[in-house]
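Below: one structure, written as structure tokens.
The values are calculated or read from the model by the stated rules, or taken from the named source; none is laboratory data. Predicted model, so just to flag it, every value in this text is computed and none were measured. With ideal geometry, Cβ positions are generated from the backbone for all residues, glycine too; neighbour counts draw on all protein chains shown.
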Amino acid sequence: MARARGANAVMAGAFEATYGTPPSSGYRKLPFVQSNLGEEQGLIPSDLLGYGREALPPSRDVINNDGDVVVPIDLRNFGTWLKLFFGQPSTTTVSGTSTHVFTSGAATLPSMTLEVGLPEVPSYGQNFGVRGNTMRVQMQRSGLLTATLGLIAQGENKLKASAAGTPPEAAIERFAPAQGAITRAGAALGSVVSADFTYSNNLDKVETIRSDGRIEDAEPGMVAMSGNLVVRFADTALLDQATAGTSVELSFGWAIDAARSLLFRVPSVYLPRAKTPVTGPAGVQATFPWQASRDASGKTVIATLINSVASY
């Protein structure tokens, strides 16, 4: 009997026309680093008395399918995840270069079917009704650039053969941390040691009474965008802004060249007043846990992906 190995695990995804209904076609292979999607159903201990000290059989609880998927932030495949979290982008194409603009706050969001396959067994977990809840990105000087996606699915079908077949895949071209840049009000922000940001759709599970024990849907709530800036204390620009209580635009992005880039623009960011602790002879650092709000245009986040993909 073959044993499943993560090295051979395959993920394929397709957007659903109807929430919770796996499509029969349109799947694409998606690169991933980790996944813990899948149904789980707990057991409730019996509360009956009068049958002695020996335990009675437990009852089954409701079914949940929440989990994190860690994916590379790359030039082509990451657009699929941006569509899941933001909705259909506005795309313009000039001379084979497409600019996809994703904006926060869509009234409705798409859902996906994600199949995670272990071909050695074989076993294929077809997770349907998948919606994007949280997206966390860590920026640092070196390492590998990934995004941790918090997903909520309606359910899972266990299959012996892949429903996705042999899906096409896009060439993987990862962005590197060394290609990253952070700007404040359009100017490069210096002395940043590390940064992270989390985008959330604050999905609200619709937990109705159903015979299958699954949720009815997961509806989008208030958009939230927050993060942390860890900077070497070289000037008082950020402290002055925090003290004044005014907002400023921050951008987080990576660029290979003019035709290959990804940029998250957060137009209205508020900084808290932060300490500048002195903990030893090394450099003094300050951490600013910022929060964003909508700007005059009504948007909290604008993500722009420039590549050669015609549409998502």
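Could you list, in sequence order, the residues of the stretch 4-26 that are within 16 Å of residue 131 (Cα to Cα), in a loop (DSSP other than H, G, I, E, B) and either touching a strand residue (DSSP E or B) at 6+ places or on another chain (Cβ under 7 Å) or not small (Gly, Ala, Ser) (or both)?
Result: 16, 18, 19, 20, 21, 22, 23.
So, in the stretch 72-108, exactly how many residues are among the β-branched types (Val, Ile, Thr) and either buried (at least 22 other Cβ atoms within 10 Å of the Cβ) or assigned to a loop (DSSP other than H, G, I, E, B) (or both)? Explain how you work it out, then say what you get.
To start, the set of residues in the stretch 72-108 that are among the β-branched types (Val, Ile, Thr) comprises 73, 80, 91-94, 97, 99, 101, 103, 108.
Filter once more, so that each one left must be either buried (at least 22 other Cβ atoms within 10 Å of the Cβ) or assigned to a loop (DSSP other than H, G, I, E, B) (or both): 73, 108.
Looking only at that region, the number is 2.
Has the stretch 283-299 got any residue that is hydroxyl-bearing (Ser, Thr, Tyr), within 26 Å of residue 82 (Cα to Cα) and either more than 25 Å from the chain's Cα centre (by Cα) or surrounded by 11 or more Cβ atoms within 10 Å (Cβ to Cβ) (or both)?
Within the stretch 283-299, one or more residues are hydroxyl-bearing (Ser, Thr, Tyr), within 26 Å of residue 82 (Cα to Cα) and either more than 25 Å from the chain's Cα centre (by Cα) or surrounded by 11 or more Cβ atoms within 10 Å (Cβ to Cβ) (or both).
So how many residues does the stretch 109-139 have that are acidic (Asp, Glu) and part of a strand (DSSP E or B)?
Step one: list which residues in the stretch 109-139 are acidic (Asp, Glu), which gives 115, 120.
Then keep just the ones that are part of a strand (DSSP E or B); that gives 115.
Total meeting the criteria: 1.
Checking residue 49 against (1) farther than 30 Å from residue 209 by Cα; (2) among the aliphatic types (A, V, I, L, M); (3) not in a strand (DSSP E or B): exactly one of these is not met. Which one?
Condition not satisfied by residue 49: (1).
May I ask you to say which residue of 211, 194 is over 23 Å from residue 223 (Cβ atoms), polar (S, T, N, Q) and either in contact with a strand residue (DSSP E or B) (Cβ under 6 Å, 6 or more places away or on another chain) or not in a loop (DSSP other than H, G, I, E, B) (or both)?
Working: 211 fails: either in contact with a strand residue (DSSP E or B) (Cβ under 6 Å, 6 or more places away or on another chain) or not in a loop (DSSP other than H, G, I, E, B) (or both).
Testing whether each residue is over 23 Å from residue 223 (Cβ atoms), polar (S, T, N, Q) and either in contact with a strand residue (DSSP E or B) (Cβ under 6 Å, 6 or more places away or on another chain) or not in a loop (DSSP other than H, G, I, E, B) (or both) leaves just 194.
Restricting attention to the stretch 32-46, which residues are in a loop (DSSP other than H, G, I, E, B), surrounded by 15 or more Cβ atoms within 10 Å (Cβ to Cβ) and within 16 Å of the chain's Cα centre (by Cα)?
Filtering the stretch 32-46 down to residues in a loop (DSSP other than H, G, I, E, B) leaves 32-33, 36-39, 45-46.
Of the ones still in play, those that are also surrounded by 15 or more Cβ atoms within 10 Å (Cβ to Cβ) are 32, 37-39.
Matches in the stretch 32-46: 32, 37.
Is there a residue being part of a loop (DSSP other than H, G, I, E, B), more than 23 Å from residue 138 (Cα to Cα), at pLDDT 90 or above and over 22 Å from the mean Cα position of the chain (by Cα) anywhere in the stretch 225-243? Explain how you work it out, then say what you get.
Of the residues in the stretch 225-243, the ones part of a loop (DSSP other than H, G, I, E, B) are 233-236.
From the residues that got through so far, the ones that are more than 23 Å from residue 138 (Cα to Cα) too are 235-236.
Still in the list and also at pLDDT 90 or above: none.
No, because not a single residue in the stretch 225-243 is part of a loop (DSSP other than H, G, I, E, B), more than 23 Å from residue 138 (Cα to Cα), at pLDDT 90 or above and over 22 Å from the mean Cα position of the chain (by Cα).
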